[in-house]
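Shown next, in C-alpha cells, is the structure this report addresses.
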Amino acid sequence: MSTSRTDAAVQARRRATQEMLERVQTALTAAARDRTPVTVAALARTARVSRTFLYQNQQARALIEQATRANRPPPAVSNSGSRAQHAWKERALNAEDALTQAQREIRTQRTHIAELLGKIRDLEHDLPEGSLQRIVTENTTLKQNVRQLTQDSQQIQERLTSARQNNRFMDKRIADLEAQLAPYLTTPTPRP
C-alpha cells in the first residue's frame, strides 16, 4: 500500500515537473518570437515557476542555454566580453525587477500607513475639546484604582491565609482538649 502511494507521489511530481518544463519552453519560444532578452527572473515570472527550479533542474537549464545560444549574435572578435556583458545585463535586469517590486511594496506600505494615520486623525477630530486630557486623567485614575485594589486583594488574601491557619490551630487545640476530657466523659461516675 505504501509503495503504491509512493509511486503515485513520484508520478505526480514527474507530471508537475513536466508541466513546468512545458511552460518554460512556451515562455522561451515567446521570448524568441518577440526578440526579448532571456533573463531568469523574467522567465520565472512568465512561465510561473520559481527561479530555484530554473537553476536546479537540468532540463530547464538546457532549455535556457539552448534559447540563449539561438538568440546570441554571431561571435565577434572576443566571446568572453559578451559573456561578461550578458551577465551584467542579467544582473541589471534582476536588480531592476527587485527595485520595481520593492518600490511597489513601499507604495503599498505608505498607502496603508496614510490610511491608518487618517483614521487616527478622524478619531482625534471626533473628540470634543479637552476630552483627550479628560480621558488621560481618567485612565491614570483607573490605573491607580487598579493598583489600590490589587494591594487590598493581596492584604485580604494574607488575612484569609492567617485566619485559616488560626482556625486549623484552634481545631487542633479543641481536638487535644477533647482527647484530654474524653476519659472523664466516658467513665461512669461512682454512686454513693
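The values are calculated or read from the model by the stated rules, or taken from the named source; none is laboratory data. Note that the coordinates shown come from a computational prediction; the quantities given were computed from them, not determined experimentally. Heads up, the Cβs are rebuilt from the backbone with ideal geometry, glycines too, and the neighbour counts pull from every protein chain shown. For the accessible areas, the whole protein counts, side chains as well, though only heavy atoms, and no ligand, DNA or RNA atoms are used. Shrake-Rupley method; radii C 1.70, N 1.55, O 1.52, S 1.80 Å.
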(request) Give, in nm to one decimal, the length gained when the segment between ARG51 and GLN11 is fully stretched (0.36 nm per residue of separation minus the Cα-Cα distance). (result) 12.1 nm
(message) Suppose each label sits 7 Å from its Cα in the direction of the beta carbon; what would the ALA114-ARG23 distance come out to in nanometres?
(response) 3.4 nm
(message) What do you get for the angle between helix 131-186 and the principal long axis of the chain? Use alpha-carbon atoms, 0 to 90 degrees, nearest ten.
(response) 40 degrees
(request) Sort ARG104, ARG48 from largest to smallest accessible area, using a 1.4 Å probe on the heavy atoms of the protein chains. (result) ARG48, ARG104
(message) Compute the angle between helix 2-34 and the longest alpha-carbon principal axis of the chain, please, reported from 0 to 90 degrees and rounded to the nearest 10.
(response) 50 degrees
(message) Once neighbouring chains are kept in place and the probe is 1.4 Å, which whole percent of the accessible area of the chain is contributed by carbon and sulfur?
(response) 55 percent
(request) Consider the candidate values (i) 1, 5, 7, 8, 7, 6, 5, 4, 4, 4, 4, 4, 5, 7, 5, 4, 4, 3, 3, 2, 2, 2, 1, 1, 1, 0, 0, 0, 0, 0; (ii) 1, 6, 13, 16, 17, 16, 13, 9, 6, 3, 1, 0; (iii) 1, 7, 15, 19, 19, 16, 10, 7, 3, 1, 0, 0, 0; state which one is P(r) over Cα pairs in 5 Å bins from 0, in percent computed from the structure displayed. (result) (i)
(message) Among ILE106, LEU63, GLN157, which residue has its Cα furthest toward the positive end of the charge dipole of the chain, with +1 on Lys/Arg Cβ and -1 on Asp/Glu Cβ?
(response) LEU63
(message) Compute the angle between helix 58-71 and the longest alpha-carbon principal axis of the chain, please, reported from 0 to 90 degrees and rounded to the nearest 10.
(response) 40 degrees
(request) List the relative contact order of the chain as a percent without decimals, with contacts defined as Cα pairs under 8 Å and 6+ residues apart. (result) 14 percent
(message) Let me spell out the model: positive unit charges on the Cβ of Lys and Arg, negative unit charges on the Cβ of Asp and Glu, origin at the Cα centre of the chain. What dipole size does that give, in debye rounded to 20?
(response) 980 debye
(request) Quickly work out the ALA102-to-TRP88 label distance, labels modelled 7 Å from Cα along the C-beta direction, and quote it in nm with one decimal. (result) 2.1 nm
(request) Pop a pseudo-label 7 angstrom from the Cα along the beta-carbon direction at both ARG69 and ASN167 and give the gap in nm to one decimal. (result) 9.3 nm
(message) For the ranges 30-42, 11-23, what's the packing order if you count other beta-carbon atoms within 10 Å of each residue, average per peptide, and put the highest first?
(response) 30-42, 11-23
(message) Let's see if you can work this out: charge +1 on each Lys and Arg Cβ, -1 on each Asp and Glu Cβ, no other charges. What is the dipole magnitude of the stretch 13-58 about its Cα centre, in debye to the nearest 20?
(response) 120 debye
(message) Just to confirm, what accessible area per residue do you get for the stretch 114-192 at 1.4 Å probe, in whole Å²?
(response) 99 Å²
